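Here's the structure we're looking at; comments come further down.
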Amino acid sequence: MMMKALTLLLCASAVSVSAAELDFYKDVYPFLKSNCISCHNKTTTKADLNMETPQLMIQGGESGPSIVPGKSDESLIVKASQHKDDMEMPPPNNKSGAVNLSPAEIAVLRQWIDQGAKASVQQERAVVLKAFSASVDPIYSVAMTRDGRYAACGRSNQIFVYDLATRQFIAQITDPSEKNGTAHRALVQSLSFSPDGTRLASGSFREVKIWKLETAKPAASSAKTASAPASADLIKKIETTGKMTVLSHAMSTDGKQVVTGCADGSVRVWDVATTKQITELRGSVATNRKAAEMDWAIAEQTLEQAFQKSEVTRIEAQEKALDVLLGKAKEAIVTMKKVLPEKQKAVPPATEAKAAAQKTVDDIAAKVQAAPNGKPDAALVKEHKTAQDKLITAKTAEVSALAAVAAAESNVKDAEDDVKRITDSKAANAKTLAAVNAAMTTAKAAQDKAAADLAALKQSLAKTAMKPLAVSFSADAQRVMSMFDDGTLRVWATATGIPIGENVANAAATSTTITSAQDGSFTVTKAATQTIGSAPRWVLERKIDQKGLFADRVNAVRFSPDGKTLATGGGELSRSGDIILFDVTTGKATQTWKEKHDDVVLCLDFSPDGKLLASGAADKIARVTDVVSGKQVNLLEGHTHHVMGIAFRSDGRVLATAGAEGSVVTWNMILGERKKKIEGWSKEVTSLQFIGATNQIVTSAGDNRVRIVTDDGTDVRSMANLPDYMQAAVSAPNGSTIIAGGEDSMLRLWDSAGKELAAFGAK
C-alpha cells in the first residue's frame with residue numbers, strides 16, 4: 001500500500017513538472033542553438049529561415065511558418081526534427097556538427113509550441129574568466145613604435161615590451177587592479193602604438209586599455225658603479241690599431257670590452273682580446289630621427305616616381321590605342337565622303353521615277369473611275385494593277401536611295417564625333433601626361449634633396465667638433481654613455497649603435513664622473529648631477545569597458561595618423577561586426593558603427609590622411625568607410641574566407657587584405673577594384689603590413705612563415721620553417737627590422753635581409 005502511494009506521488013510530481021510553462025531561452029534555445037541555429041541565423045539564413053527567436057520562427061522562411069503556436073503537430077520544425085514528410089533536419093553529414101534532436105528534446109519542443117510558443121526574456125550571459133594555464137601563452141598580437149625602438153607583444157593576458165635597440169626585455173605592463181600582475185583578465189587580442197609612440201592600446205574580452213609612456217626614475221637604492229679604467233698598454237695598442245687619439249675610456253664590468261672617446265668626436269667599442277673595433281657610435285636621438293625622416297622621404301618619393309611612371313606607361317598605351325582609333329575614324333570619314341556624292345546623285349532619279357509612276361497610277365485610276373457603269377474592262381484593271389506595282393517599286397527605290405544618303409551622312413557624323421572625342425581624349429591625356437611628368441620631376445627633386453641632406457647629415461656626424469671627455473658602459477654593457485666637452489650627454493645601444501638617450505648641453509664640461517646602475521641608467525656628476533638612460537615604463541591611462549559597449553572580444557585596435565582617435569573592431573560571432581571610434585584624450589566614443597559587417601571585425605587600418613578607415617571581417621568582406629560621415633566608400637569582395645589583415649600603402653593608392661583562404665589581395669583605391677591576387681600560402685594569412693613607404697608587404701601565416709611580397713605579387717623573401725603557426729608580424733618603417741610572434745610564444749626579430757637577430761621568450 002505504501003509503495004502504491006509513493007508511486008502515485010511520483011506520478012503526480014512528474015505531471016506537475018511536465019505541465020509547467022516552459023521558458024524559451026532556458027528550456028528550448030540551448031538545443032536549437034547547438035543543432036539548428038548555426039544554419040538558420042541572422043548571418044546564415046538557409047531556406048530564408050532564422051530560428052533565433054520565436055517571432056522569427058513564426059514568420060518562417062521559404063516553406064512558410066516553421067512553428068504554429070498551440071499546434072505542434074502542424075509545425076514544420078517538429079516534422080523536420082522527426083524526419084517526417086521528406087524533411088530531415090539537421091541534414092546528415094552537415095558541416096556544423098549538428099545532430100538529431102533527442103526524443104526528450106523533441107518532447108520539450110512540442111510542449112513549448114503547444115503552450116503557445118511564447119517568447120521570453122533572454123538573460124545576459126554571465127562570463128566567468130578563470131585563471132589561464134601556464135601553457136596558454138600564444139602571441140596573438142604584436143606592435144612596434146614608428147621609430148622602430150620598442151616592440152610589444154601580447155602573451156596570454158599579459159603584455160611584454162622590448163627595446164629593439166638594445167635587444168632586451170624592458171617591461172611587463174600590468175594593471176594594478178588585475179590579479180597576478182597581468183594586463184587583462186582575458187587573452188590580449190590586439191595591440192597598437194600611437195604614431196608618436198607615447199601610448200599603447202590593447203584589446204581583450206569586452207575591454208580596451210590605453211597605456212601611457214612615462215620615463216621611469218632610477219630607483220633610489222640602485223647601486224651605482226664606476227667603470228674601471230683599461231691598462232695603458234691596451235689603450236696604446238688601440239690608438240696604434242685605430243690610428244686615433246683616445247681622450248677617455250672605460251672597461252665593461254666583465255673586462256671583455258673597452259669603450260673609447262676619441263679626438264675625432266667618435267665613441268668606439270673594442271674587443272679587448274683582439275683589439276678589434278666592434279662598433280662606432282656617432283650621432284644623437286635627434287640626428288637619428290632626422291636621418292629616419294630623410295630615409296622615409298627618399299622611399300616615399302621613390303614610390304611616387306614608380307606610380308607616376310606607371311601612369312606614363314598607362315597613358316602611352318592609351319595613346320597608341322587612341323591613335324589607331326583616330327586613324328580608323330579619319331579613314332571612315334574619307335571613305336564615306338567619297339561615296340556620299342554618288343549616293344546623293346541617285347536620289348533625284350529615284351524621286352522622279354516615283355513621281356512618274358505616281359502620275360501613271362493617277363491617270364489610269366481616272367480612266368477606271370470614268371468607265372461606264374463603274375465597270376472597267378479587264379485590260380484596264382490589269383494595267384492599273386501593274387502601274388501600282390511599279391509605284392511601290394519606285395517608292396522603295398527612293399526610300400533606299402534616301403536611306404543610303406542618310407546612312408552615309410550618319411557614318412560621316414559618327415566618325416567626325418569619334419574624331420572629336422578621341423582628339424579631346426588625346427588633349428586630356430596630354431595635360432595629364434604633362435602633370436604626371438611634372439609630378440615625377442618634383443618627386444625626383446625631392447628625392448635628390450633628401451638624399452643630399454642625408455649625405456650631408458652623415459658627413460657632419462663624421463666631422464663633429466664635440467669631444468667625448470668621459471665614457472662609460474652600463475652595468476650590463478648593453479649601453480654606452482659619453483659626456484662631451486659642451487656638456488651634452490648621449491647614450492647608445494651597444495648591440496646596434498642606435499642613439500637612445502640625450503641630455504642637451506647646459507654648461508661646458510671640463511671634468512666629470514660617470515656611474516651606472518643596475519636599471520641601465522647613468523649618473524653624471526660635475527657641477528650638478530644628471531641622470532640619463534632610465535628604462536621607460538607604461539602605466540594605465542584609461543580603461544574602456546562600459547557595460548554593453550563591446551559585445552565580445554576586441555579583435556582590432558588602431559590609432560589614427562594624428563593619434564587623436566582610436567578605432568576598435570569586434571562584434572558578436574556570426575551575428576555582427578562592430579566598429580567604435582574613441583577620442584583618445586577623453587575615452588568617449590565619437591562614432592559607433594554597429595553591424596558594419598555581418599560577422600566579427602578582425603582588422604582595421606586608417607588611410608594615411610586619416611579620412612578613411614578600412615576594415616576586414618569574418619564575413620569575407622573588406623570595407624572602406626569615410627570617418628566623418630560613416631558612409632561606406634568601398635565594398636571589396638575577393639576572399640573566400642575571413643579577412644584577417646588589412647593595410648593601406650603609404651600613399652593611400654593601394655590597399656592590401658589578407659585572407660584565411662591563404663591569399664593576399666591588393667586593391668587599386670583610385671578605381672576601387674582588385675589590382676592583384678597573390679597566392680603561395682598553404683594556410684591562413686593572419687596579418688599584413690606595408691613596409692614603410694614602399695610597395696613591399698610583410699605577412700605572417702599559419703604555414704610557419706613570415707613572407708615579404710610586393711603589391712604586384714613579386715616574392716622578396718621568406719623567413720620559413722619557423723617552429724609554429726605565426727599570428728602577427730610588423731616591420732619598422734625603414735624595413736631595417738621585422739618582428740613576429742605566434743603559437744610558440746616567441747617574439748622573433750629579423751634584420752632586412754631575413755637574418756634572425758633575437759628571439760624573446762616570456763621573461
Scope the stretch 65-99; condition farther than 16 Å from residue 47 by Cβ, surrounded by fewer than 16 Cβ atoms within 10 Å (Cβ to Cβ) and of a type outside the set (Lys, Arg); matching residues: 70, 73, 74, 83, 92, 93, 97, 99
Please go through the stretch 608-642 and give me each residue that is in a loop (DSSP other than H, G, I, E, B) and buried (at least 21 other Cβ atoms within 10 Å of the Cβ), ordered by number. 618, 619, 639, 642
Between a first residue in the stretch 239-268 that is farther than 20 Å from residue 477 by Cβ and outside the structural domain of residue 514 (by TED's automatic domain parsing) and a second residue that is surrounded by 15 or more Cβ atoms within 10 Å (Cβ to Cβ) and aliphatic (A, V, I, L, M), which pairs have beta carbons less than 6 Å apart while being 6 or more apart in sequence or on different chains? 239/246
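Go through the stretch 175-189 and report how many residues are within 22 Å of the chain's Cα centre (by Cα) and within 17 Å of residue 162 (Cα to Cα). Let's see the steps before the verdict.
Of the stretch 175-189, the ones within 22 Å of the chain's Cα centre (by Cα) are 187-189.
Okay, now just the ones that are also within 17 Å of residue 162 (Cα to Cα), so 188.
The number of residues fulfilling the criteria is 1.
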Every pair of residues 6+ apart whose Cβ atoms lie under 9 Å, when the first sits in the stretch 327-342 and is closer than 16 Å to residue 423 by Cβ while the second is loosely packed, with under 14 Cβ neighbours inside 10 Å and of a type outside the set (Ser, Thr, Tyr): 329/417
With the structure loaded, tell me whether residue 400 is hydroxyl-bearing (Ser, Thr, Tyr) and closer than 30 Å to residue 758 by Cα or whether it fails that test. no
Keeping to the stretch 243-268, report how many residues are buried (at least 22 other Cβ atoms within 10 Å of the Cβ) and within 46 Å of the chain's Cα centre (by Cα). 4
For the stretch 575-597, indicate whether the set of residues that are in contact with a Lys or Arg (Cβ under 6 Å, 6 or more places away or on another chain), within 24 Å of residue 678 (Cα to Cα), modelled with pLDDT of 95 or more and not charged (D, E, K, R) is non-empty. no
Search the stretch 423-448 for residues that are assigned by TED's automatic domain parsing to the domain that holds residue 326 and pair each with any residue that is small (Gly, Ala, Ser) when their beta-carbon atoms are under 8 Å apart and the residues are at least 6 apart or on different chains. 446/297; 447/297
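When the residues of the stretch 704-763 are narrowed to those that are part of a loop (DSSP other than H, G, I, E, B) and of a type in the set (A, V, I, L, M, F, W, C), which ends up surrounded by the fewest Cβ atoms within 10 Å (Cβ to Cβ)?
As a first pass, look at the stretch 704-763 and keep what is part of a loop (DSSP other than H, G, I, E, B): 704, 711-714, 720-725, 732-736, 743-746, 752-755, 761-763.
Narrowing further to those that are of a type in the set (A, V, I, L, M, F, W, C): 720, 722, 732, 746, 753, 762.
Numbers: 720: 11, 722: 21, 732: 22, 746: 19, 753: 6, 762: 16.
It comes out as 753.
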Taking interchain pairs and intrachain pairs at least six residues apart, which have beta carbon atoms under 7 angstrom, with the first residue in the stretch 50-74 and closer than 23 Å to residue 26 by Cβ and not assigned by TED's automatic domain parsing to the domain that holds residue 27 and the second at pLDDT 90 or above and surrounded by 12 or more Cβ atoms within 10 Å (Cβ to Cβ)? none
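The values are calculated or read from the model by the stated rules, or taken from the named source; none is laboratory data. Keep in mind that this is a model prediction, so the values were computed, not measured. With ideal geometry, Cβ positions are generated from the backbone for all residues, glycine too; neighbour counts draw on all protein chains shown.
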